Amino acid sequence: MGLDYQLVLWNKHKKTYDKVIVFSMLLYVILFAVVTLVFNSETSIETLIIRAFGSLAIIMLHIILAIGPLSRLNTRFLPILYNRRHLGVSMFIAVLIHGGFSIFQFHALGDVNPIYSIFTSNMDYGSLTNFPFQVLGFLALLILFTMASTSHDFFLANLSAKTWKRLHMMVYVAYTLIIAHVFLGAFQQETSPFTIGILIIGFISISGLHIVTAFKESKIDNTKVKKGTEGWLKVCEIEEIEETRAKIFTIKNERVAIFKYGGKLSAIHNVCKHQGGPLGEGKIIDGCITCPWHGYQYLPYNGQSPPPFTEKVATYELKLDGKIVYINPKAFEEGKAVEPCYII
Ligand code: HEM
Ligand code: FES
């Protein structure tokens, strides 16, 4: 964790996921080639490769964009979230093959620099039906390259989680550019109805998933926290929190997770220091709050990662009045030990 950047841990699960990714990618390309050659035997090998890897990349991108909301809606998707970065880098390799072959086929054989040629071979920027759609693909490729090359934990540690997250939110800009790339390209190339179909269904599914998740999240933010006495806020009854789990509340625009474990309650800031994962959606494992995204751990009573790790999140004071849980809305500094609230 924060002591130093960590090497990717090649545990058994990660290796299995990687094998599944590589096997599925190969299977897709082989199937795509067979179907294309059966129905259109005149397709050149370059065009086949461009189309196979372009459509493979767009399918992978949709899966990547769906993992986040899916794992917020159902915890069974969390193992895939844990391996999302490898999926992202694999998708980038598919995009690189697609873009590389396109540049080779359409721009490398003249006497102009191939990259310059992408921008200048078609200058019809004012037209919809003849727009230089490859420029949009190239810009998306640059964004995906930046993301793939900074995906290692070394960059996460050195750029700070916030900057890294912002950088990786650029995937939505890349997605928009890619949608425009394929749709505008379809006016000029015989883009298959299959790819257009994937895009339409994919776009509707991704938007739908994000809307449903945002709705679920907004429910947390709108959960009424009532004023108690002397500044304490009434949050819930003890029974509403499951053992070793948490309930999340929005207190002064900050999300706070209240955990119940072994007859005690503790409250910490909900945002993981690694990549902003929702700590309150994790559970207590080996006495530590364990982030559901990649497993960073924090001690419930002081919000500190156990030594030798150095991550810290803010803590909060709780009190009980009968079965009602109250929280002091004023956060303590990160890592400050607070006596847990004992359930009598
Ligand atoms: C240097 C960057 C890129 C270049 C030069 C480029 C070029 C092209 C070309 C020439 C086509 C038409 C191929 C044909 O149908 O004959 C195409 C289609 C396509 N591109 Fe790109 N592209 C680039 C980046 C991307 C990126 C980043 C994606 C992301 C997934 C992408 C996805 C697609 C897809 C899905 C198609 C439609 C494939 C089909 O016809 O079924 N491209 N691209
Ligand atoms: S966000 Fe990665 S462990 Fe919490």
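The table below gives the values:
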read-out	value
Residue among S151, S127 that alone is within 23 Å of H13 (Cα to Cα), at pLDDT below 95 and not in a helix (DSSP H, G or I)	S151
The stretch 154-172, residues that are more than 16 Å from the chain's Cα centre (by Cα) and part of a loop (DSSP other than H, G, I, E, B)	S160
Subset of the stretch 47-63 that is touching a residue at least 60 places away in the same chain (Cβ under 8 Å) and not aliphatic (A, V, I, L, M) - its residue that is farthest from ligand 2 (Cβ to nearest atom)	R51
Test: residue in the stretch 144-167 that is free of Cβ contacts under 8 Å to residues at least 40 places away in the same chain, crowded, with 16+ Cβ neighbours inside 10 Å, away from ligand 2 (no atom under 16 Å from the Cβ) and farther than 30 Å from T310 by Cβ	no
Residue count for the stretch 33-85, restricted to those that are more than 22 Å from H13 (Cα to Cα) and surrounded by fewer than 20 Cβ atoms within 10 Å (Cβ to Cβ)	19
Complete set of residues in the stretch 220-258 that are in a loop (DSSP other than H, G, I, E, B), among the polar types (S, T, N, Q) and surrounded by 11 or more Cβ atoms within 10 Å (Cβ to Cβ)	T223, T244
Those residues of the stretch 93-124 which are within 13 Å of ligand 1 (Cβ to nearest atom), in a loop (DSSP other than H, G, I, E, B) and among the small types (G, A, S), in sequence order	A108, S121
G197 vs. criteria at pLDDT 90 or above and away from ligand 2 (no atom under 16 Å from the Cβ)	no
Candidate set: the stretch 179-193, residues that are under 21 Å from I206 (Cα atoms) and modelled with pLDDT of 90 or more; chosen: the one nearest to ligand 2 (Cβ to nearest atom)	I179
Residue that is farthest from ligand 2 (Cβ to nearest atom) [pool: residues in the stretch 102-143 that are among the small types (G, A, S) and over 24 Å from F183 (Cβ atoms)]	G110
Sole exception among (1) loosely packed, with under 14 Cβ neighbours inside 10 Å; (2) more than 30 Å from V325 (Cα to Cα); (3) touching a residue at least 12 places away in the same chain (Cβ under 8 Å); (4) of a type outside the set (S, T, Y) for E190, by number	(3)
Filter pass, V182 being more than 22 Å from I59 (Cα to Cα) and surrounded by 15 or more Cβ atoms within 10 Å (Cβ to Cβ)	no
Residue that is nearest to S71 (Cα to Cα) [pool: residues in the stretch 259-294 that are in a strand (DSSP E or B) and either within 16 Å of ligand 1 (Cβ to nearest atom) or small (G, A, S) (or both)]	A267
Any hit, the stretch 298-312, residues being aliphatic (A, V, I, L, M), in a strand (DSSP E or B), touching a strand residue (DSSP E or B) at 6+ places or on another chain (Cβ under 8 Å) and within 30 Å of F77 (Cβ to Cβ)	no
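Rundown of residues vs (1) within 16 Å of ligand 2 (Cβ to nearest atom); (2) at pLDDT 90 or above; (3) more than 30 Å from Y326 (Cβ to Cβ); (4) acidic (D, E), yes/no style:
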{"position": "S207", "(1), (2), (3), (4)": "no, yes, yes, no"}
{"position": "H210", "(1), (2), (3), (4)": "no, yes, yes, no"}
{"position": "K226", "(1), (2), (3), (4)": "no, no, no, no"}
{"position": "C236", "(1), (2), (3), (4)": "no, yes, no, no"}
{"position": "E242", "(1), (2), (3), (4)": "no, yes, no, yes"}
{"position": "K252", "(1), (2), (3), (4)": "no, no, no, no"}
{"position": "A257", "(1), (2), (3), (4)": "yes, yes, no, no"}
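The values are calculated or read from the model by the stated rules, or taken from the named source; none is laboratory data. Since we're looking at a predicted model, the values are computed, not measured. For neighbour counting, all protein chains shown are included, and Cβ atoms are generated from backbone atoms with ideal geometry for every residue, glycine included.
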